[in-house]
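Colleague: Please read through the structure below; I'll follow up with questions.
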Amino acid sequence: MTTARSWLTSANDTPFGVHNLPYGVFTAADRPGVRRIGVRIGDFVLDAGAAARAAGEPSVLLDADTLNPLMAAGRPVWHEVRSSLTRWLTEESHRDALAPLLLPLAEVELHLPFEVADYVDFYASEHHAANLGRILRPGSEPLTPNWKHLPIGYHGRSGTIVVSGTPVVRPHGQHKAPAAAAPSFGPTRRLDIEAEVGFVVGTPSPLGTPVPQDRFHEHVFGVCLVNDWSARDIQPWEYIPLGPFLSKSFTTSLSPWIVPLEALEHARIAPPARDVEPLPYLDDRNREPWGLDLAMEVRLNGHPISRPPFAAMYWTAAQQLAHMTVNGASLRTGDFFASGTVSGPEPDTRGALIELTWNGEEPVKLPDGTTRTFLEDGDEVTITATAPGPDGATIGFGEVTGRITS
């Protein structure tokens, strides 16, 4: 099969050609303050609602100010809308009508593209979990006894999920040094990143009805990048026995583009071999594989410090969704769940500073001669990713960026 070509020739052979077409929400100077659904094509944003009207196929879903109505419409509608967008951007007959509706990416402001319902963060990388076990529990088994039996996760705070570019305010909280008699209060001194991949739920499910793995594609609308910032000195004092709280709930950053699940068919791969047999509802050995071959990069102040491979994740998103609902928990449009830190087997593939610096013992060296163990005020972290597309094409995810402020 030959990858479709757009009449917008500058978009061809880029990670944002017609094989991708991620969705976002933007505002622009021509209609200040009015949020519109946009579709990225090359270095432009197509006003999707206006494009539908210009093509003679007006859509209330594309005229919304958030992706939630489209997400709630379900997989058949997602496919139909995506097919229409592809047709409009590839058929020469639509060029004259749609070309004026392309806005330069640099001239628009991007917003959080959907209204977040519930938020769950998982812990799905064996390499990350094992590294933290070695760092925090030396002399013990790196993985906890339950780790290979279920995808461990916790509920986060949806109200502090923000779009890329939103400043990250250094959080305050209690932290206690190992030798201290009592905790102290103040700003975290061990502010960290967590390079993750997020999954956005579109189609809801009723309370009491689990969602099995083979229905994953019917409920998940798309995929984005995540930086789930973490305060490593607040977390160990607060998390026993109920898990992360203030150390994680202050900010979670998302990339502004939601890549449709349908665009990632060529990125699907088998997950790593498991050495513990999962329970039947998590067993994916005879199912369509939902591992994803995403190549990620983490940059600190513009300097690459890590390239985590998402293909190495032990638990897949389909298994995570199945586990998240196996007790009968319902799904809502706008539910969001993240993979947990993505780390690979090599030192330069670790997705958090606590691993990259081995808890501060091995600082990261930057080109300006400075070093980092954890983040300082003014530091900026950017996470990007790509995936294989059809016929050798590349799928781009854009970036999620955050700068630390005091």
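The values are calculated or read from the model by the stated rules, or taken from the named source; none is laboratory data. Please read all numbers here as calculations on a predicted model, not as lab measurements. Don't worry about glycine lacking a Cβ; one is built from the backbone with ideal geometry, like all the others, and counts go over all protein chains shown. Surface areas here come from the heavy atoms of the whole protein model, side chains and all, with no ligands, DNA or RNA. Shrake-Rupley method; radii C 1.70, N 1.55, O 1.52, S 1.80 Å.
Colleague: Would you call Pro388 more than 26 Å from Ala312 (Cα to Cα), touching a residue at least 40 places away in the same chain (Cβ under 8 Å) and either out of contact with any helix residue (DSSP H, G or I) (no Cβ under 7 Å at 6 or more places or on another chain) or of a type outside the set (Lys, Arg) (or both)?
Modeller: Working: more than 26 Å from Ala312 (Cα to Cα): no; touching a residue at least 40 places away in the same chain (Cβ under 8 Å): yes; either out of contact with any helix residue (DSSP H, G or I) (no Cβ under 7 Å at 6 or more places or on another chain) or of a type outside the set (Lys, Arg) (or both): yes.
Spelling it out, it is not the case that Pro388 is more than 26 Å from Ala312 (Cα to Cα), touching a residue at least 40 places away in the same chain (Cβ under 8 Å) and either out of contact with any helix residue (DSSP H, G or I) (no Cβ under 7 Å at 6 or more places or on another chain) or of a type outside the set (Lys, Arg) (or both).
Colleague: Across the range 271-285, which residue is nearest to Pro151 (Cα to Cα) among those that are open to solvent by 70 Å² or more (accessible area, probe 1.4 Å) and part of a loop (DSSP other than H, G, I, E, B)?
Modeller: The residue in question is Leu279.
Colleague: Right, another one. Pick from the range 187-212 the residues that are open to solvent by less than 10 Å² (accessible area, probe 1.4 Å) and outside any strand (DSSP E or B): which of them is nearest to Ala295 (Cα to Cα)?
Modeller: Going residue by residue through the range 187-212, those that are open to solvent by less than 10 Å² (accessible area, probe 1.4 Å) are 188, 191-193, 195-202, 211.
Subset that is outside any strand (DSSP E or B): 188, 193, 202, 211.
Values: Thr188: 30, Ile193: 17, Gly202: 25, Val211: 28 Å.
The selected residue is Ile193.
Colleague: For the list (1) more than 23 Å from Glu262 (Cβ to Cβ); (2) of a type in the set (A, V, I, L, M, F, W, C); (3) surrounded by fewer than 17 Cβ atoms within 10 Å (Cβ to Cβ), I need the number of the one condition that Ala129 fails.
Modeller: (3)
Colleague: Within the group Thr382, Thr386, Thr371, which residue is of a type in the set (Val, Ile, Thr) and open to solvent by 60 Å² or more (accessible area, probe 1.4 Å)? Show your work before the answer.
Modeller: On the way: Thr382 fails: open to solvent by 60 Å² or more (accessible area, probe 1.4 Å); Thr386 fails: open to solvent by 60 Å² or more (accessible area, probe 1.4 Å).
Within the list Thr382, Thr386, Thr371, the selection yields Thr371.
Colleague: Let me ask something else. If you take the residues in the range 132-181 that are among the small types (Gly, Ala, Ser), in a loop (DSSP other than H, G, I, E, B) and open to solvent by less than 60 Å² (accessible area, probe 1.4 Å), which one is modelled with the lowest pLDDT?
Modeller: Initially, the range 132-181 is screened for residues among the small types (Gly, Ala, Ser), giving 133, 139-140, 153, 156, 158-159, 164-165, 173, 177, 179-181.
Remaining after also requiring in a loop (DSSP other than H, G, I, E, B): 139-140, 156, 164-165, 177, 179-181.
Still in the list and also open to solvent by less than 60 Å² (accessible area, probe 1.4 Å): 156, 164-165, 177, 180.
Details: Gly156: 95, Ser164: 98, Gly165: 98, Ala177: 89, Ala180: 93.
Among residues in the range 132-181 that are among the small types (Gly, Ala, Ser), in a loop (DSSP other than H, G, I, E, B) and open to solvent by less than 60 Å² (accessible area, probe 1.4 Å), the one modelled with the lowest pLDDT is Ala177.
Colleague: Only residues that are on the phi < 0 side of the Ramachandran plot and in contact (Cβ under 8 Å) with a residue 60 or more places away in the chain: list them for the range 355-367, please. Can you show your working first?
Modeller: Start the filter on the range 355-367 by keeping residues that are on the phi < 0 side of the Ramachandran plot, which leaves 355-357, 361-367.
Listed by number, the residues that qualify are Glu355, Val364, Leu366, Pro367.
Colleague: Which of the residues that make up the range 50-100 are farther than 18 Å from Leu8 by Cβ and hydroxyl-bearing (Ser, Thr, Tyr)? Steps first, please.
Modeller: Initially, the range 50-100 is screened for residues farther than 18 Å from Leu8 by Cβ, giving 53, 56-81.
Residues satisfying the conditions are Ser59, Thr66.
Colleague: In contact with a strand residue (DSSP E or B) (Cβ under 7 Å, 6 or more places away or on another chain) and not polar (S, T, N, Q): which single residue out of Glu218, Glu194 fits that description?
Modeller: Working: Glu218 fails: in contact with a strand residue (DSSP E or B) (Cβ under 7 Å, 6 or more places away or on another chain).
One residue alone meets the criteria, Glu194.
Colleague: Does at least one position in the range 145-163 carry a residue that is within 30 Å of Glu346 (Cβ to Cβ) and aromatic (Phe, Trp, Tyr)?
Modeller: Let us first name the residues in the range 145-163 that are within 30 Å of Glu346 (Cβ to Cβ), namely 145-154, 156.
After this cut, where a residue has to be aromatic (Phe, Trp, Tyr) as well, the list is 147, 154.
Yes: one or more hits.
Colleague: Report, ordered by the first and then the second residue, all pairs with beta carbons closer than 6 Å, sequence separation of six or more or different chains, a first member in the range 38-54 that is at pLDDT 95 or above and outside any helix (DSSP H, G or I), and a second member that is open to solvent by less than 10 Å² (accessible area, probe 1.4 Å) and of a type in the set (Asp, Glu).
Modeller: Note: no pairs meet the criteria.
Colleague: Mind listing just one residue for me: the one in the range 101-149 that is in contact (Cβ under 8 Å) with a residue 12 or more places away in the chain and of a type in the set (D, E, K, R) and, of those, nearest to Gly42 (Cα to Cα)?
Modeller: Going through the qualifying residues, I end up with Glu107.
Colleague: Sticking with this one: Mind checking which pairs have a first residue in the range 224-252 that is touching a residue at least 60 places away in the same chain (Cβ under 8 Å) and open to solvent by less than 10 Å² (accessible area, probe 1.4 Å) and a second that is in a helix (DSSP H, G or I) and small (Gly, Ala, Ser), Cβ under 9 Å, 6 or more apart or different chains?
Modeller: Filtered contacts from the range 224-252: Ser230/Ser247; Ala231/Ser247; Ile234/Ser247; Thr252/Ser158.
Colleague: Tell me which of these Ile354 doesn't satisfy, since it passes every other one: (1) open to solvent by 20 Å² or more (accessible area, probe 1.4 Å); (2) over 17 Å from Ser253 (Cβ atoms); (3) in contact with a strand residue (DSSP E or B) (Cβ under 6 Å, 6 or more places away or on another chain).
Modeller: Of the numbered conditions (1) open to solvent by 20 Å² or more (accessible area, probe 1.4 Å); (2) over 17 Å from Ser253 (Cβ atoms); (3) in contact with a strand residue (DSSP E or B) (Cβ under 6 Å, 6 or more places away or on another chain), the odd one out for Ile354 is (1).
Colleague: Another one. Kindly indicate which of Arg31, Arg35, Arg82 is within 17 Å of Pro100 (Cα to Cα) and open to solvent by 10 Å² or more (accessible area, probe 1.4 Å). Outline the logic, then answer.
Modeller: On the way: Arg35 fails: within 17 Å of Pro100 (Cα to Cα); Arg82 fails: within 17 Å of Pro100 (Cα to Cα).
Testing whether each residue is within 17 Å of Pro100 (Cα to Cα) and open to solvent by 10 Å² or more (accessible area, probe 1.4 Å) leaves just Arg31.
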